[in-house]
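Just so it is clear, none of the values below were taken in a lab; they were calculated from the coordinates. Just so it is clear, the model here is predicted, and its values are computed rather than measured. Here Cβ is always computed from backbone atoms with ideal geometry, including for glycine, and neighbour counts include all displayed protein chains.
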Amino acid sequence: MSEVAKLLIDGKELTFPVIEGSQGEKAIDIRSLRQETGYITFDPGFGNTGTCRSSITYMDGEKGILRYRGFSIEQLAEQSTFVETAFLLITGELPTREELTRTSVYLNDFSPLHESMKAFYQNYPPKAHPMGILSAMVNAMRSFYPELTDIEEEMNKTYLRIISKIRTMAAMAYRISLGERVVYPRPDLCYCGNFLNMMFDSAVVPYRLDDDLIRALNVFWILHADHEQNCSTTAVRVVGSGKVNIYSTISAGISALWGPLHGGANQAVVNMLEKIHNKGFTVKECLAKAKDRNDPFRLYGFGHRVYKTFDPRAKIMKKVCDVVLSKLKRKDPLLEIVQRLEEAALNDSYFKEKNLYPNVDFYSGILLRAMGIPTNMFTVMFAIGRLPGWISQWKEDVADTEMKISRPRQIYSGKQKRDYIPINKRTL
Ligand code: CMC
């Protein structure tokens, strides 16, 4: 007989099936719990709740394992490209040469922006955060490309349209924020090279593409491409479960990513490091603040809901960072602070006891700074990378016959029923 879990409740013994994943992880299937008992489960932050079956990404937080569709993040970072990894996540398999060529053709075809979309930028205040602009622009795509069908081939084009245009939108937002001329995508450049060129090319000093930087950007985006049921992906699944169109669903994912506890941590890490550097804050003071329960300060770039050891992405990011800094012969004073912070935190009993290790964002800001990406664009860089993950999770959710509209329950803790009091009879 398959494994079951027993629950003794109100003197009654109930049996629930146990579901086992392909890597041996187990879940108690409590779907009939409320109907049978009137009880619900209580799990704020969903730390113990599985919301779907997924065949996209596997993580083992205790061992520091991350795999996309069965391939280790280490091998993908070493050998794959971002476009190939995106194809893998969305379709489930690595592309053939022919499929990859077709994908690149579509990415090129879709890369320019509709002229009317450009007007959007001009109307934003100059200090608008690029994440807010990006989320609005992706949502607006629904109005520019309304013809969405169920035909797989057409939907595949829609996925590539978003992946291609998000890169143009991000680079354009940056150029316009500087008051500089917009650089258009070039069909002769690869996905990452095109992005760097659109960001940094200038009529005065033409941008010289560097293979090591292109490689570093590929790795950066591969490392961010998916991370199973994190905050923004859950937002995508929850919003998508109401059968919202894909553009608005991805826009919700971008908004969810923005926060400093999630994708916004890369910007928060660099802001924190700059504070330490500029204001003479010591590493010791920083750790003391992070450990003080009455202080809202956190050591950004440390800790993770799933990883209770080194985030495997952080290890790779650190290496890429070293390569890029030495290639550019650049010394970043923040790198030295990062290294001192890491060493101090890893040897601190508070961080040891709570299993707080560096996560992907601890080193990513240093890499992006070295590449010339401005701090307020860091989370946009994360969003471009996470896009294939959101798309594949949305696609899986839509196709899953087990899925329903997301609608959690709650434990009500407010007032009991009471009578309405007319305003002239209310007392303080
Ligand atoms: N600095 C100081 N204390 C921390 C930190 C930190 N960075 N992270 C967790 N803690 C403490 C926390 O105060 C709590 O202490 P206590 O048990 O005394 O209440 C304990 O460790 C457990 O933390 P939690 O907040 O309950 O854990 P969580 O799983 O809900 O949160 C997290 C995970 C990533 C939000 C959290 O570790 C954090 O805020 N880290 C800093 C922000 C950050 O770097 N985020 C990027 C995550 S990786 C990129 C991504 O995928 O989004």
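Within the straight-line cut-off of under 20 Å between alpha carbons, the aspartates and glutamates reachable from K395 are E84, E93, E99, E147, D150, E152, E153, E154, D226, E228, sequence neighbours fewer than 8 places apart in one chain being disregarded.
With charges set only on the Cβ (+1 for Lys and Arg, -1 for Asp and Glu), what does the dipole of the chain come to about its Cα centre, in debye to the nearest 20? Don't skip to the answer; put the middle values down first.
Details: 56 positive and 49 negative charges, 349 e Å.
Charge dipole, the chain, about its Cα centre: 1680 debye, nearest 20.
Rounding to the nearest 20 debye, state how big the charge dipole of region 278-357 is about its Cα centre with +1 on each Lys and Arg Cβ and -1 on each Asp and Glu Cβ.
Working: 19 positive and 11 negative charges, 58 e Å.
So the magnitude is around 280 debye.
For region 405-412, 3J(HN,Hα) computed residue by residue from phi via the Karplus equation (6.51, -1.76, 1.60; θ = phi - 60°) reads 4, 6, 7, x, 9, 8, 9, 6 Hz, glycine and proline entered as x. Under 1.5 on a/c is rounded, so check that first for region 19-94, then, if it is not, pick prolate when a/b is larger than b/c and oblate when it is not; a ≥ b ≥ c are the square roots of the alpha carbon gyration tensor eigenvalues. Note, shape of region 19-94 comes out prolate. Simple point charges give the picture: +1 on the Cβ of Lys and Arg, -1 on the Cβ of Asp and Glu, and for region 4-60 a dipole about the Cα centre of about 120 debye.
Counting other Cβ atoms within 10 Å, which trypsin sites (Lys or Arg not before Pro) in region 207-243 have at most 16 and lie in a DSSP loop? Don't jump to the answer; show the numbers that get you there.
On the way: sites: R208, R215, R237, K243; in loops: R208, K243.
Of the trypsin sites (Lys or Arg not before Pro), the ones in loops of region 207-243 whose Cβ has at most 16 other Cβ atoms within 10 Å are R208, K243.
If you take all other residues with their beta carbon under 15 Å from the beta carbon of D295, and give Lys and Arg +1 and Asp and Glu -1, the sum is +4.
Convex hull of alpha carbon positions in region 96-196: directionally averaged projected area 7.0 nm².
Extent of the chain along its three principal axes (Cα atoms, max minus min coordinate, largest first): 78, 66, 58 Å.
Loop-located trypsin sites (Lys or Arg not before Pro) in region 147-207 (DSSP state not H, G, I, E or B) with no more than 14 neighbouring Cβ atoms inside 10 Å: R181. Over region 73-241, Cα pairs under 8 Å with separation of 6+ residues give a relative contact order of 28 percent. In the chain, taking the dipole from charged Cβ atoms about the Cα centre, the farthest positive-side position among G193, L100, G414 is held by G414. What the Cα atoms of region 291-428 give is an Rg and a Dmax of 23.2, 75 Å.
Here's the picture: charge each Lys and Arg Cβ at +1 and each Asp and Glu Cβ at -1 in the chain, and of Q122, I423, A140 the one pushed furthest to the positive end of that dipole is I423. Radius of gyration (Cα atoms) of region 40-177, expressed as a multiple of 2.2 N^0.38 Å: 1.30.
Scanning residues 5 or more positions from A5 or on other chains, those with amide H under 5 Å from its amide H are F16, V18, with H placed 1.01 Å from N in the peptide plane.
Identify the trypsin sites (Lys or Arg not before Pro) of region 307-397 meeting these criteria: DSSP loop state and at most 14 other C-beta atoms within 10 Å of the C-beta. Provide the component values of the computation, followed by the final result.
Numbers: sites: K308, R313, K315, K318, K319, K327, K329, R330, K331, R340, K352, K354, R369, R386, K395; in loops: K308, K329, R330, K331, K354.
Passing sites in region 307-397 are K329, R330, K331, K354.
Among rounded, prolate and oblate, which fits region 265-370 when a ≥ b ≥ c are the square roots of the eigenvalues of its C-alpha gyration tensor, a/c under 1.5 means rounded, and a/b larger than b/c means prolate? Here region 265-370 falls in the oblate category. All C-alpha pair distances within region 4-60, sorted into 5 Å bins from zero, spread as 4, 14, 25, 24, 17, 10, 5, 1, 0 percent across the bins.
Within 10 Å, at most 10 other Cβ atoms, and a DSSP state outside H, G, I, E, B define an exposed site. Report the longest part of the chain free of exposed chymotrypsin sites (Phe, Trp or Tyr not before Pro).
Working: sites that count: F42, Y412, Y420.
Excluding the exposed sites themselves, the longest stretch runs over 43-411.
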